[in-house]
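What follows draws every value from the coordinates through simple rules; no lab data is involved. Here the structure is a predicted model, which means the values were calculated and not measured. Neighbour counts are summed over all protein chains in view; Cβ atoms, including those assigned to glycine, are modelled from backbone coordinates with ideal geometry.
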Amino acid sequence: MEHNAVKQILSCRDVSKTFYGDGKCTEVIRHIDFDVTENEFVVLFGPGQCGKTTLIKMLAGLEECEEGSISLENEKITGPRPDLGVVYQTTALFPWCTVRGNIEFGPKVRNKDKKETRKRADHFIDLVGLKGFEDSYPKALSGGMRQRVGIARAYCNDPRVLLMDEPFGHLDAQTRYMMEEALENIWQKEKRTVIFVTNNIEEAIYLADRIILLTNRPASIKQEFKIELPRPRDYVSPEFLKLREIITQAMDATV
Amino acid sequence: MKKAVQLEKIGWVVFDLLLLLLGWIFLVTCTSAKDTFPDPVSVFSMLFTSFVKPIGTYTMWGHIMWSLYRVMVGFTLASVTGIIVGIAMGSSKIAEAIIKPIFEFLRPIPPIAWIPLAILWFGIDEASKYFIIWLGAFINVTLNSYVGASRTDETLIGAARMLGAGKRKVFTRIILPASMPQIFAGLQVAMSSCWMAVLVAEMVRSNEGVGWIIIRGTDTGNTAQIIVGMITIGVIGFILTTAMSWIERKVCSWNTTL
Amino acid sequence: MDEKQQKLLEHEKQQRAQKRKYLMISVVSVCVFFFVWELITGILHILPDYTMPSPVKVLDSFIKKFYTKTPDGEILPVHIITSLKVSLFGFFLGSVTGVPIGIMMAWHPRFEKFFRPLFDLIRPVPTVAWIPIMILWFGIGLGAKAAVIFVSAFIPCVVNSFAGIKQTSQVHLWVAQTFGASRREMLFRIAIPTALPSIFTGLRLSLGSSWMALVAAEMLAANKGLGYMIYTSRSLGRADLIIVGMLTIGAIGAILSYVLGIAEKRIVKGVSR
C-alpha cells in the first residue's frame, strides 16, 4: 500500500531469459517480477554466476528480454538509453580518456552545453573525492579510485536509474568497506534510484532499502527483505548481525 | 648504484667496439681479406667526406634525403589507406567478408616480389618505388588496424552506448582510440618494412638514394662505399624506429602496456 | 522443454544462415575480383597484355611453365627447388645459431653484456642491405644468398628467444631451486619451455623474412630461382610469368609458415595462447 505514496519508476514484468548456443540452451532467468520506486536503493543479492549480470544487462537494454518486459516509467526499454546509468564491475573506464574525460563523456557525446558539463563534472569529481586527479589516466589510479570515476561518470550523465553490477567485486576487503561508505555518502547527497547487484551479504545489508534474494541459476526471486535500519549502518550492531543471519539462512536454503 | 650499472654497460660497449676495431685491423693487415675488405681508415674517412664530397650526383645528405622522401611518401599513403581499410574490416562484418579473402590471397606475397610488376605498371621512375614502399607498409598497417578494431572491448562499446553515444560516436570515440596501440604497432613494423623496401627498390633501379650507394659499390667493387652505405642505412633505420616509438609514447600515453 | 528445444534449433539455424550469408559475400567478392580482372584484360583489353595479363592467361602460363624452359632458361619446378634449397639452408643455419645465442644471452648476464652491443650494432641494418657486400664477398652463387638469408633468419631468432627466456617467472625458478634443481636443469626444464612459444614466433618471423630476403637476393644476383624468374620476365615484358612467379612465391611462403605452425602445435603443449 505504501507504493501509493511514492512514485513507481521501474518495473520488471515476468522476465525470463535463456541463452542458446553451442548446441544447448542455458536458462539463466526465470519469471522475475519486481518494481522499484523512485530513489529506492534495491540490492539484487544472490549466489555467484546466478545470472545477475544478465539481469542488469537486460535492465540496461543491452540484452533483450526473451519473455516479459522491463519498463521505465511505463515506457518499454528496448535499447541502451542515457537515462539508465551503469557502473561496471570491471569499471569499463575508457583508458584513453583522463578522469575528467571519462566523467564528461556522457554529456559530451550528447552535445550538452560545455560550461554546464564542466561544472557538473567538477561537482561530481569533488563528491567522489578525486580532486587533484582530474588529468590522470585510469592506468595511474588504484582500483578503488577507478571505481569512484565509474560512479561519477554514471552520475554525471544524470540518469533516472543507476544500475551497479558488483561494482566493488574486484576490490580488496579494506577498500571495499571504504567504497561502500563512500557510495552511501554520495547516494545520501544525490538521491537516485539504484539497482545494485552483489554477492556480498554485508554489502547488501549496509546499502539496501530492500534486498531481493535470487535463487541459483536459473535465477528467480526467492524472497524480499525490507531493510529499515537507520543509516549510516553499523556492520556489527546486533540488528545488523541478526538480519545477516536471517538472510544467510534464506540463501543457504536456495543453494 | 644505478650509475655503476650504467658505467659498466658503457664499458662493455667500448670494450666491444675496441675488440671489433682490432679484429678489423688484424683482418685487413695480416690476412688475405684485404683485397675484398676495406680498412677502417678508408671507411671512416669516406664516411666523413661523403657528407661534403658527392658520391655520384649527390652528397650523402642528398642520398639520405632522397631515400627518406620516398619512404615518407609511401609510408604516409600506406598509413592513411591501411588504417581506413583495416578499421573498415574490423568494424563491419560485410567489409570483412568482402575484403578479407582477397587480402589473405595477396598477403603472403612479399612486397619485394611486386617490384618487377610495379616497374611494368608504373615505369622505372618514382611511381613504382612509391608503390612498393606503399605496399610494404599497407599490409602491416591494415592487418594491425583490423585486429585492433575487431578486438575492441565489447564492454567499453556498451558503456559508451549507455552514456548516449550513437553509432558514429562509438566509432570515433571508442573503436578508433581503442585500436590506436595496435595501429601503432603496425606503423612501427611498417616503418621498418618501408625502409627495407626503399633499399631494394633503389638497388634494383635508381640513380640516387642510400640503396643506390651500396649497389653502386658492388658494381664498381668499392667495398668502402658499401660499408659506408650500410652504416648510414643502419643509423637512419635506428633513428626512424626510435622516432616511431617516441611518437607512440606521446600519442598512446594512456596505454597500460607502455 | 519442447518449446525450448524448438527455439534452440531455430537459433542455430539462424546462426548458420548468418554464417552462410557472409561466406556468400566472400565468394561473390572473390568472383567479382577475378571477373573484373578478366574483363579489363582478356575481354575488353583495356590494359595491354604485357602489363596485365588476364587470369586465364596466367593460369595457362603457369601450366606451361612446368615444361617450358623459355624465356628464362629453366622450368618452374627447378626455380622452386633452387629457391627452396637456398632459403631453407640459410634459415636452418640462422635458426640453429640464432636460437642458442638468444637463449645464452638471456641466461648468462656476462654473455649478454658482451654480445648485446655487437648485436644492437647490426640489428638496425635491414637484411637486404647486406646483399651487396655478400655478393662481393661470396659471388653470386649459393654462398652470397645463403649468407644474406642467414642474417635475416638469425636476427628474429635471437630477439625472440632472448625475450622468451626473459619471460621466465621468478616463482617457477624459486620452486625449482627449493627442489634442488641445478642451474642447468632450470634452464632446460623451466626457462626453455617457458620460452618455446616465443622461440616459435621468432622462427616464424625468420622464415618469412628469409623467404623475402631470398627473393630480393635472387632479383639482384642469380641465374636461377623464383626471384630471378620474375625479374628476368620483367625485362622480357612477360607479365604473365611475373604473376605466376609472384603467386608461387606467395603460395610457398604460406605453405612454409603453415608447416611451421603444425610443428609448433605438436611441440608447444600446455601453453594457452
Would you mind classifying region B:3-54 by shape? Square roots of the alpha carbon gyration tensor eigenvalues, ordered a ≥ b ≥ c; an a/c under 1.5 is rounded, otherwise it is prolate if a/b is larger than b/c and oblate if not.
oblate
Cα-based Rg and Dmax for region C:2-47, where Dmax is the largest Cα-Cα distance (Å):
19.3, 62
Given an 8 Å cut-off on Cα distances and at least 6 residues of separation, report the relative contact order of chain C as a percent.
22 percent
Principal axes first, then extents: for the Cα atoms of chain C, list largest minus smallest coordinate on each axis, whole Å, largest first.
78, 76, 29
List the lysines whose alpha-carbon lies under 16 Å from that of C:Lys19, not counting same-chain residues fewer than 8 positions away?
B:Lys93, B:Lys100
Any idea what Rg and Dmax come out to for region A:46-175 if you just take the C-alpha atoms, in Å?
15.5, 47
Can you pull the one-decimal nm distance between simple spin-label points at C:Glu12 and C:Val32, each 7 Å off the Cα toward Cβ?
3.3 nm
When only DSSP loop residues count, what GluC sites (Glu not before Pro) in region A:163-223 have their Cβ near at most 16 other Cβ atoms within 10 Å?
A:Glu190
Spin-label point model (7 Å from Cα, Cβ direction): what's the B:Phe122 to B:Leu22 distance in nm?
4.9 nm
Within straight-line cross-link reach of B:Lys169, aspartates and glutamates at Cα separation under 16 Å, skipping those fewer than 8 residues along the same chain
A:Glu104, B:Asp153, B:Glu154
Could you tell me the relative contact order of chain A? Use alpha-carbon pairs under 8 Å, at least six residues apart, and round to a whole percent.
26 percent
Kirkwood Rh in Å, taken over all unlike Cα pairs in the protein assembly as shown:
31.1 Å
Cα gyration tensor shape of region B:19-83, rounded if a/c is under 1.5, else prolate or oblate by comparing a/b with b/c
prolate
Suppose we take every Cα in chain A and form the convex hull; what volume per residue is that in Å³?
144 Å³
Suppose R0 equals 51 Å; then what is the FRET efficiency for B:Lys53 and C:Asp49 from their Cβ-Cβ distance, rounded to the nearest 0.05?
0.60
Exceeding the 20 Å Cα-Cα cut-off - candidates A:Lys7/A:Lys76; C:Lys166/C:Lys265; A:Lys7/A:Lys108
C:Lys166/C:Lys265; A:Lys7/A:Lys108
Compute and list, largest first, the equivalent-ellipsoid semi-axes of region C:50-153 from the alpha carbon gyration tensor, each √(5λ) rounded to a whole angstrom.
39, 15, 14
On alpha carbon coordinates alone, what is the Rg over Rh value for region A:12-94, Rh being the Kirkwood radius?
0.96
Send over the per residue convex hull volume for region B:39-251, Cα only, as a whole number of Å³.
131 Å³
Is region A:83-128 rounded, prolate or oblate when judged by the Cα gyration tensor, a ≥ b ≥ c being the square roots of its eigenvalues, rounded requiring a/c under 1.5 and prolate requiring a/b larger than b/c?
prolate
Would you mind computing, in nm to one decimal, how far apart the modelled labels at A:Thr78 and A:Lys222 are, each placed 7 Å from Cα along Cα→Cβ?
3.7 nm
